[in-house]
1. Put +1 on the Cβ of every Lys and Arg and -1 on every Asp and Glu Cβ in the range B:17-124; which of B:Leu47, B:Thr71, B:Leu84 then has its Cα farthest towards the positive end of the dipole?
2. Please check: in the Gaussian network model of chain B (C-alpha springs, under 10 Å), which one of B:Leu182, B:Leu170, B:Leu96 has the largest mean-square fluctuation.
3. Packing-wise, with mean Cβ within 10 Å as the measure, how do A:316-322, A:81-87 rank, highest first?
4. Return the whole-Å distance between the Cα centroid of the range A:257-305 and the Cα centroid of the range A:108-142.
5. Regarding the range A:1-160, what's the average projected area of the Cα-atom convex hull, expressed in nm²?
6. Treat the range A:185-226 as a sphere of radius equal to its Kirkwood radius over Cα pairs and apply Stokes-Einstein at 25 °C in a medium of 0.890 mPa s; give the translational diffusion coefficient in µm²/s, rounded to a whole number.
7. Can you give me the Rg/Rh ratio for the range A:174-276, using Cα atoms for both radii and the Kirkwood formula for Rh?
8. Using only Cα atoms and rounding to the nearest 10 degrees, what angle (0 to 90) does helix B:127-158 make with the longest principal axis of chain B?
Amino acid sequence: MQYQSQAVAKPYFIAAIGLFIGQIVFGLIMGLQYVIGDFLFPLIPFNVARMVHTNLLIVWLLFGFMGAAYYMVPEESETELFSPKLALALFWIFLVAGALTIVGYLFVPYATLAQMTGNDILATMGREFLEQPLPTKLGIVVVALAFLFNITMTVLKGRKTSISMVLLLGLWGLAVFFLFSFYNPHDLVKDKYYWWWVVHLWVEGVWELILGALLAFVLIKVTGVDREVIEKWLYVIITLTLVTGIIGTGHHYYWIGAPEYWQWWGSVFSALEPIPFFAMTVFAFNMVNRRRREHPNKAAVLWALGTGVMAFLGAGVWGFLHTLAPVNYYTHGSQITSTAPT
Amino acid sequence: MSSNASSTAASEPRLAGDLAIWIFILAELGAFAAFFGAYAFTRANHLADFNAAQLGLNRDAGALNTILLLTASGLVVRAVQGALANEGPRAARWMLAAIACGLGFLFVKGAEYSAAFDAGVSLSSSTFHMFYLSLTFFHFMHVILGLVILAVLWHGLRRGHYRPDNMNGLESGAAYWHMVDLVWLILFPLVYVIH
């Protein structure tokens, strides 16, 4: 570690791993409930397990993003973190709030939880992935803003690189798009629009920027290839991501009451969404092949190579299979299969 | 180009422009190809509707725009050649002329859009109109991006930034502009002319 304050990343990574294990456990519970219908009945109903499973996914990713930012930004900015104490305080606030929310999901019926937490003041609960009670949602905003303040101040006082700019763009976008979760209109079409602007613009927009920035950072470290070369690729990747990802949101508008042209726009642009992942893969392999040093951290090199491949196969190829409107009609439009948003 | 190339460069072909821009151009062409394919597929199933709606397009404006884009591409080539011959300021004037042609394209297309919107054409008025507006507007946005790139190149040429030993940026930007031109050369006959 070049800077002492980078150490605050450690608890974030530990928490992320712990929550990831939790996600797997609840995934297994649901899998078992498909096989053994009354498994854990009536303690953990399927819908509760699913909510815990998906919410844990989001929270461990957020912990991972934050930890990675705390680790990466001091090195990129060549300065200590603006406030390591704030980073540690936020860690505990976020962890405790997250744990309380999960406990609430598990031990209180969801409708009662909504009553207890002021959902009648501002109704925000009930939408997939955004099931968190109002206090948790507000907590997420406070933690995200304080985290962004800490990171942005660090960048401002130190060296400004393209990589940290892309990371900041991604992290700020993440916080801004979350605000749509507070608007829950009665009109079902509008409701779906705003919901997708959180879910889709996170997964297929700003999260990819964060991933791109982290990948670029790791590649510079492990390959020793010139920053200029790495940054040039990063620009190409984020442009491809934003163009395909933002207009590609249209693949969620097919059956929600939006105009028909979205079936074309959504199909064409979301079909191109694998391209930025493909570019990431080409980029990583290219850079590692041109490496000027043999970095001892083989795991980091493997991650840099593997993350693009896995994203290309999972999100890219798997997602492409049913992204075209005529195919999606059968997977989502007709509700023949269980709806899993991507 | 060959006059400046060293003997080693002459023996192995050199990629004009950066590999990253070529990946980007390929992605762009892929996007347009997907749209063109969708157009062709849909047109085959709605031939009469497409032919009738196509008559409402202003083919003269389309032809004028084709000339403007081709001229702009020719001028960009002159600018690149000028920079290769170490004639920065002269090359900058070629580039400025190319930018003027590009702006001309935007003006003609803007007038076309204005007339179309007055006539009640929208993304939902017919399938043909949906394709017409989507394809041309997507291309329109690329012309704007291309012009921003040309403006940056023009600025660089004026400052003498691009020389025979530093052509990467200029060639990359020029290649992008030629892509914008190439797409129009398919779009225009496909949407405006083929009946």
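Each reported figure results from applying straightforward, stated rules to the coordinates on display, with no laboratory input. What you see is a predicted model, and the numbers here were worked out from it, not measured in a lab. So basically every Cβ, Gly included, is an ideal-geometry build from the backbone, and we count neighbours across all protein chains shown.
1. My answer, from the dipole projection, is B:Leu84.
2. Answer for the Gaussian network model of chain B: B:Leu182.
3. Result, highest mean Cβ count within 10 Å first: A:81-87, A:316-322.
4. The range A:257-305 and the range A:108-142 have Cα centres spaced 35 Å from each other.
5. Taking a quarter of the hull surface, the average projection is 10.1 nm².
6. Answer from the Stokes-Einstein relation: 199 µm²/s.
7. Computed over Cα atoms, the ratio is 1.09.
8. It is inclined by approximately 20 degrees.
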